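What follows is calculated from the coordinates using simple rules that are stated; it is not laboratory data. Keep in mind that this is a model prediction, so the values were computed, not measured. Ideal geometry is used to build each Cβ from the backbone, glycine not excepted, and the neighbour counts take in all protein chains shown.
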Amino acid sequence: MNKKTSNIPISISLGATLKEEDIEPLLPQEKTRVLRVTFVAVLIAVCISFIAKFLIYLIYLVTNISFYGSFSLANNSPADNHLGLWVIAIPTLGGVVVGLMALYGSKAIRGHGIPEAMEQILTNKSKIKPTITYLKPISSAISIGTGGPFGAEGPIIATGGALGSTLGQLIKITHNERKILLAAGATAGMAAIFGSPIAGIFLAIELLLFEFSPRSIIPVALACITGAAGHHFLFGSEPVFEIKGIIPSPSNTALALYSGMGLIVGLLAVLVTKIVYFIEDGFEKLPIHWMWWPAIGGIAVGIVGYFAPHTLGVGYENITNVLSGNMPAKIIISLCLLKFISWAIALGSGTSGGTLAPLLTIGGATGALIGMVILHFWPNCGINISLAALVGMSAMFAGASRALITSIIFALETTGQSSALVALLAACVAAYIVSFFLMENTIMTEKIARRGIKTPDSYEPDILDKINVIDVMQEDGLVISENNEINEVRNWLIKKDFKNNYFIICNDEGEFKGVISSSDLFSLHHDPQKSIATLINKKDISIALNDSLRTAAEMMAKENLDVLPIVSAEDKNSLAGILTYRDIINAYKLNIDENEIKRPSISLKRNGLKILLKGQQLISSAKSKVK
């Protein structure tokens, strides 16, 4: 074999310190795209704020028509109706209408919003049918306005997500950017209903985005801020669940009790989730078409509403009354038990509604009841009924959804009670721990998990993003001179039994010239007497020493290569090393082993202890001699 075909030695020093100017985490064109997506996200948030107001008015209108026979936009609770037994027919008729809309409009309007949005993100490249943008709020307004025990937040989250997805399908953006717009629209809708922008941001992170990066957080954060501004403009600036007075900071004894309360509510959250899906499974076994299921659920809602009118409708005022600490125990018990029965059957029937408000109501009522029981037996324990209700409300959401930070921040933003932070943290973490160990999926993910869809449950940094090319690259590898003839290179490779798919080409001075493929090298269409240089068709493919392995893996995937040349930071033409796909896999495996292989860092073996004791004895002996 000609000497030119031998491996070219890599003599460039790789120990040089990387310069700060060599590192570019975000390219200018990528920053421009972030600004573009942010602008669209803010525009969606403005639109969804007005849609949120329209949804609330639509719920009021349907409620007044259904329960009072008046064409009015006034906020009247269905609990004050005087229909008697006829009240059972109202939710039933509402269920029939929703079933017909799902059958002839879109089946996607069924459910409570967030799981459906998660499914589209994970399986359908964040593509939601544009019809959901208007079908979901209308169907939800009919369902809630006719007595459905749901909140307006689920429908508006689904509507905002659908609007973001629709605009994302109309403009030329990536799938990931469409996901960001979907999350921005959904959480802006939540911020518009509750005036809770920070909770909206964390909801996106914990349940929708499955990532934390500038390109996603900037659009979502500004969309949530815009939604909150829309809430202040259209609904008012006071907290949604306003508590009169300031809740005092809890004592250490009270904090311990609130933590125990979180454990109890966490167990209840697990039970609530399992019962909801048990009921849903029951509906799946009914020998009638699914279109009629919401009507059957409506019958249950009407029967419960006849005996407990406070269970009908959105019931945000119920949450406020429970948090006030002055609601009678009898009504609290009915909210805790009967609201749950009504909501679980209605949700299991597949009607259109939300889960957040019912969970808050049930959790708040449970917390208030536990607080009353504790105060009955221990009057001086420091428990505050309002704080107990707030803790139960937040812990229920944390346990059922495992959106830990969202649950805590949401309680603070919607009540304005900052002194409750530590108690909320203690209770929500306790509920989260119970949920984590006793329940594989959450109320948000169980439905899609049954369809074989795995939801990300951790937000760890990419292993390959933490390792630079310089840490794993090969300083010696197969490099072919551009001056060699095709025929002699073929013969040499066959003799050495090299089975590489791609080969790096350099000149005799070690300057990188390009990459050729094995199939091209052994093609019969080339003159075997010509030089290797004539086969080069990938000239601008290389990575730098300070690039991450993730960048290298992305380039390999994009260019369909299994080997990459590494060029020097000082001279882009000077070859510094070679990176293969095996190097990336080995680095990935090494990091996994570091997280899984368990070994002590300090040895406590018997021999070590003996030496230590002997040393102590010598010291003691020396001290005695000095004396």
Dipole magnitude of the chain, debye to nearest 20 (Cβ charges: Lys/Arg +1, Asp/Glu -1, about Cα centre): 1480
Checking a compactness column here: for the chain, what do you get for Rg(Cα) / (2.2 N^0.38 Å), N being the number of residues? 1.26
Among DSSP beta bridges whose residues both lie in the chain, state the antiparallel percentage, nearest 5. 70
Report the FRET efficiency, 1/(1 + (r/R0)^6), for ASN546 and GLN474, where r is their Cβ-Cβ distance and R0 is 22 Å, rounded to 0.05. 0.85
Relative to the chain, whose Cα atoms define the longest principal axis, helix 153-170 and its Cα axis are tilted in degrees, nearest 10, by 40
How far is helix 549-559 tilted, in degrees, relative to the longest principal axis of the Cα atoms in the chain, given as a value from 0 to 90 rounded to the nearest 10? 80
Residue separation between GLU554 and TYR104 times 0.36 nm, minus their alpha-carbon distance, gives in nm 157.6 nm
GLY354 long-range amide H proximity, modeled H, under 5 Å: GLY151, GLY154
Got a sec? Charge dipole of the chain, +1 on Cβ for Lys and Arg, -1 for Asp and Glu; which of THR442, ILE303, LEU359 is way out at the positive end? ILE303
Along each of the three principal axes of the Cα atoms of the range 84-196, give the extent in whole Å, ordering the values from largest to smallest. 54, 33, 19
Additional length obtainable on full extension of the chain from HIS232 to ASP520, 0.36 nm per residue less Cα span: 97.1 nm
Distance between modelled label sites at LYS454 and ASN75, nm, 7 Å Cα→Cβ extension: 4.6
Between beta-carbons, use under 11 Å as the cut-off and find the net charge around ALA308, counting Lys and Arg +1, Asp and Glu -1. +2
Once the Cβ-Cβ distance between LEU263 and GLU242 is put in as r, and R0 is 41 Å, what FRET efficiency do you end up with, to the nearest 0.05? 0.90
Reduced to Cα centres, the span from the range 304-343 to the range 127-146 in Å works out to 25
Calculated [θ] (222 nm, deg cm²/dmol) that DSSP helices of n ≥ 4 give over the chain, each run adding -39,500 (n - 2.57): -19000 deg cm²/dmol
If R0 = 56 Å, then LEU421 and ASP562, at their Cβ-Cβ distance, give a FRET efficiency to the nearest 0.05 of 0.60
First obtain the Kirkwood hydrodynamic radius of the range 465-596 from its Cα pairs, then insert it into the Stokes-Einstein equation at 20 °C and 1.002 mPa s, and state the resulting D in µm² per second as a whole number. 139
Protection proxy ranking, peptides 347-360, 62-75, 173-186, 200-213, average beta carbon neighbours within 10 Å, highest first: 347-360, 173-186, 200-213, 62-75
Given 0.36 nm per residue, what is the gain on full extension from GLU488 to GLU284 after removing their alpha carbon distance, in nm? 66.5 nm
Two-site label geometry, PHE212 and LYS589: point separation in nm, points 7 Å out along Cα→Cβ: 3.1
Cα-Cα longer than 22 Å, checked against LYS129/LYS274; LYS129/LYS447; LYS127/LYS172; LYS136/LYS447, kept in input order, equals LYS129/LYS274
Expressed in angstrom and rounded, the centroid-to-centroid distance over alpha carbons for the range 378-417 and the range 483-515 is 68
Pseudo-spin-label distance HIS376 to GLU509, built 7 Å along Cα→Cβ, given in nm, is 9.2
Report for the range 465-596 the percent antiparallel among DSSP-assigned beta bridges with both residues inside it, nearest 5. 75
C-alpha long axis of helix 114-123 to longest principal axis of the chain, angle in °: 20
